[in-house]
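Reading through the structure tokens given below for one structure.
The values are calculated or read from the model by the stated rules, or taken from the named source; none is laboratory data. Everything numeric here is computed off the predicted structure, so don't read it as measured data. Cβ coordinates were reconstructed from backbone atoms using ideal geometry, including for glycine residues, and neighbour counts include every protein chain displayed. Areas reflect the complete protein model, heavy atoms only, side chains present, ligands, DNA and RNA absent. Shrake-Rupley method; radii C 1.70, N 1.55, O 1.52, S 1.80 Å.
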2 protein chains.
Amino acid sequence: MLLRTLGSAAGGGFPQWNCACHNCIGVRAGTLPAKSRSQSQLAVSADGRSWYLLGASPDLRAQIEATPALHPHHGVRQSPIAGIVLASADLDHVLGLLFLRELQPLRVYATPSTQRILREDNTAFRMLNRVEPQVEWTDFLPGNSFPLSSVGGDESGLRIEAISLGEHYPAYVSPERSAALVAGEASLGLILTSHGKAAGYFPAVPRMDDELLAKLDTLDLLFFDGTFWSDDELIRVQGAGQTSLQMGHTPVSSAGGSLDRLAALRKPRKIFVHINNTNPMLDESSVEHRQVHDAGWEIAEDGWQFEL
Amino acid sequence: MLLRTLGSAAGGGFPQWNCACHNCIGVRAGTLPAKSRSQSQLAVSADGRSWYLLGASPDLRAQIEATPALHPHHGVRQSPIAGIVLASADLDHVLGLLFLRELQPLRVYATPSTQRILREDNTAFRMLNRVEPQVEWTDFLPGNSFPLSSVGGDESGLRIEAISLGEHYPAYVSPERSAALVAGEASLGLILTSHGKAAGYFPAVPRMDDELLAKLDTLDLLFFDGTFWSDDELIRVQGAGQTSLQMGHTPVSSAGGSLDRLAALRKPRKIFVHINNTNPMLDESSVEHRQVHDAGWEIAEDGWQFEL
């Protein structure tokens, strides 16, 4: 199984367009020992020829161009990208779908609830179904394992299992609409398996229980929610706002944070993704950066490659 | 008046993610004398401090980061971008709005018809109105001239006049919805004036009449629809598809094309924008490229700056 981090930042990217915090100013000026990052995006393949995207980030056009494995090789309307698996209806996770509308056959896997939000409540997504064949929307449910295949039916050699993590739909979904959706389909973690190896993508984890921890310890590679360092991070930087947990993200530090709760994991290589521009661990000279590395974690950068 | 071309390509950009045509293969490999381009986007300012965007392209995040004049200078939730003027509801022209959702006060000028499509038919745009102050939607009608101002009421020193150009709404708008909208609000050209100088942005021009030509000849600077070289360009490259005129774009060449019809313009500096990846004039060694320059036109690139 081949994996690539096309992007590694949280929504807004790093730096963020309307932010002049310590991190954003420093990375723009080149005075902070930190790397700019586009918004979180993973690509995975079993054979190096046919690729599947986990989510479709708002930076997807530039992310594809930065990744030669995803370039078309001949003709027009051709791409090594065979499909996309959606873990939520968050705009940072789905807007890139609208950049893939150039009449390309693609299979998009999404829960029935996510499909209702995108296809019934947002007419822009009709651009994905103007011709035949174009996007084939394919249902899946959390808890089931299913194989990934192209619109033409080619098996990828990859299987996915989705884990239900959060029950909150994005802020643009009305309370009435949310009430008509299935809570357990709101926000998922994705586990990919191929040839006996397993990788997990968990960019938004509002809480952890022992069952989830046991599951994570079966993985060979774990990409985990590294959005915020501390629960009150945004409030301290901005002077107001929500806590990390209120936004559906377990903070990295503090009691009950991911460094603490996941310290007991024995098996997986552990990598933080979906890192917000305000997170102090982005500064490679910071004590937070060192603390994460000392705890056996890595902090994802754009363009990293993995082979399992 | 200061203007910048943040992007200069048509929808999909150059190269385009699922295209391996002569141009796209060559620019990716570095073997074609041509420059990659992000999707068309203009920014304008009267004072160099407060900027207005014409449209909001899908590449807007990277375009802002590539333009120091648009970077925030202090604090969080701060930006030199004060507002956006929408010429249509085309996704290539509006999706970038959804990247500007980080709780920033912005004035968005749009026709009532464009607002109905975005705000009533696409719940994702609710992310622009989660707090106060955030986006203030402001009506305008084609044919009227109006001043641009920030949410706080600061006058920009810029005025806009919109010219009705096309009557077709984007393909994602249903026929029933289109029938309930005002045809003349579908697709606009934008004329900016400041201190006696005038610049026009006309990235999608389905037809030209003498009245429009007379208007264009009052401008100092003209950004004009350079999408396709010839009417059957896409059909020849792809083997199928629509003509340039069917897609709402006057081709550059041929009788009735823009080189022909706009040859008589005396006043404006003439620049093609919104150039499709298949357009042969992107190849700087091509006869088409030379023909355009010999006719007194320029072919826009990303990052060009103008002062009027």
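Going through B:Glu288, B:Glu284, B:Glu301 one at a time, which residue ends up being open to solvent by 60 Å² or more (accessible area, probe 1.4 Å), among the charged types (D, E, K, R) and not in a strand (DSSP E or B)?
B:Glu284
Could you figure out which of (1) outside any helix (DSSP H, G or I); (2) more than 28 Å from A:Lys267 (Cα to Cα); (3) in contact (Cβ under 8 Å) with a residue 24 or more places away in the chain isn't true of A:Ala171?
Result: A:Ala171 fails condition (3) only.
Filter segment A:240-254 down to the residues that are over 23 Å from A:Glu167 (Cα atoms) and open to solvent by 60 Å² or more (accessible area, probe 1.4 Å) and list them by number.
Within segment A:240-254, just A:Ser254 meets the criteria.
When the residues of segment A:70-99 are filtered to those that are more than 7 Å from every other protein chain (Cβ to nearest Cβ) and within 16 Å of B:Leu98 (Cβ to Cβ), which remaining residue is surrounded by the fewest Cβ atoms within 10 Å (Cβ to Cβ)?
A:Asp90
Of all residues in segment A:100-121, how many are in contact with a Ser or Thr (Cβ under 9 Å, 6 or more places away or on another chain), hydrophobic (A, V, I, L, M, F, W, C) and within 13 Å of chain B (Cβ to nearest Cβ)?
3
What's the total number of residues in segment B:4-39 that are open to solvent by less than 30 Å² (accessible area, probe 1.4 Å), under 29 Å from B:Ile84 (Cβ atoms) and part of a strand (DSSP E or B)?
Looking only at that region, the number is 8.
Every residue in segment B:175-202 that is within 14 Å of chain A (Cβ to nearest Cβ) and touching a Ser or Thr at 6+ places or on another chain (Cβ under 7 Å), please.
Correct list: B:Leu181 only.
Applying the selection to segment A:44-59, what residues are among the acidic types (Asp, Glu) and either within 11 Å of chain B (Cβ to nearest Cβ) or on the phi > 0 side of the Ramachandran plot (or both)?
If the condition is that a residue be among the acidic types (Asp, Glu) and either within 11 Å of chain B (Cβ to nearest Cβ) or on the phi > 0 side of the Ramachandran plot (or both), then A:Asp59 is the only one that fits.
Starting from segment B:7-35, take each residue that is closer than 19 Å to A:Gln104 by Cα and list its partners that are in a helix (DSSP H, G or I) and polar (S, T, N, Q), counting only C-beta distances under 9 angstrom and pairs at least six apart or across chains.
If the second residue must be in a helix (DSSP H, G or I) and polar (S, T, N, Q), the pairs left are B:Phe14/B:Asn23; B:Pro15/B:Asn23; B:Cys21/B:Gln238.
Please go through segment A:150-174 and give me each residue that is more than 14 Å from chain B (Cβ to nearest Cβ), aliphatic (A, V, I, L, M) and touching a Gly at 6+ places or on another chain (Cβ under 9 Å), ordered by number.
A:Ala162, A:Ile163, A:Leu165
Scan segment A:265-308 for residues that are without any contact (Cβ under 8 Å) to a residue 40 or more places away in the chain and either of a type in the set (Gly, Ala, Ser) or touching a helix residue (DSSP H, G or I) at 6+ places or on another chain (Cβ under 6 Å) (or both) and jot them down.
Once the filter is applied, which keeps residues that are without any contact (Cβ under 8 Å) to a residue 40 or more places away in the chain and either of a type in the set (Gly, Ala, Ser) or touching a helix residue (DSSP H, G or I) at 6+ places or on another chain (Cβ under 6 Å) (or both), segment A:265-308 yields A:Ser286, A:His289, A:Ala295, A:Gly296.
Could you go through segment A:151-158 and let me know if any residue there is surrounded by fewer than 19 Cβ atoms within 10 Å (Cβ to Cβ) and closer than 25 Å to A:Leu222 by Cβ.
Yes - at least one qualifying residue is present in segment A:151-158.
Go through A:Ser178, A:Ser164 for me and flag whichever is small (Gly, Ala, Ser), open to solvent by 40 Å² or more (accessible area, probe 1.4 Å) and free of Cβ contacts under 8 Å to residues at least 60 places away in the same chain.
None of the others qualify; the one that does is A:Ser164.
Which residues, taken from segment B:139-167, are under 27 Å from A:Arg101 (Cβ atoms) and modelled with pLDDT under 95?
B:Gly166, B:Glu167
For segment A:206-239, what are the residues that are free of Cβ contacts under 8 Å to residues at least 24 places away in the same chain and either within 14 Å of chain B (Cβ to nearest Cβ) or open to solvent by less than 30 Å² (accessible area, probe 1.4 Å) (or both)?
Selection gives A:Ile235, A:Arg236, A:Gln238, A:Gly239.
Tell me, which residue of segment A:242-267 that is assigned to a loop (DSSP other than H, G, I, E, B) and polar (S, T, N, Q) is nearest to A:Phe202 (Cα to Cα)?
Across segment A:242-267, the extreme among qualifying residues is A:Thr250.
Condition test on B:Leu42, is it outside any helix (DSSP H, G or I), touching a Lys or Arg at 6+ places or on another chain (Cβ under 9 Å) and modelled with pLDDT of 95 or more?
Criteria met by B:Leu42.
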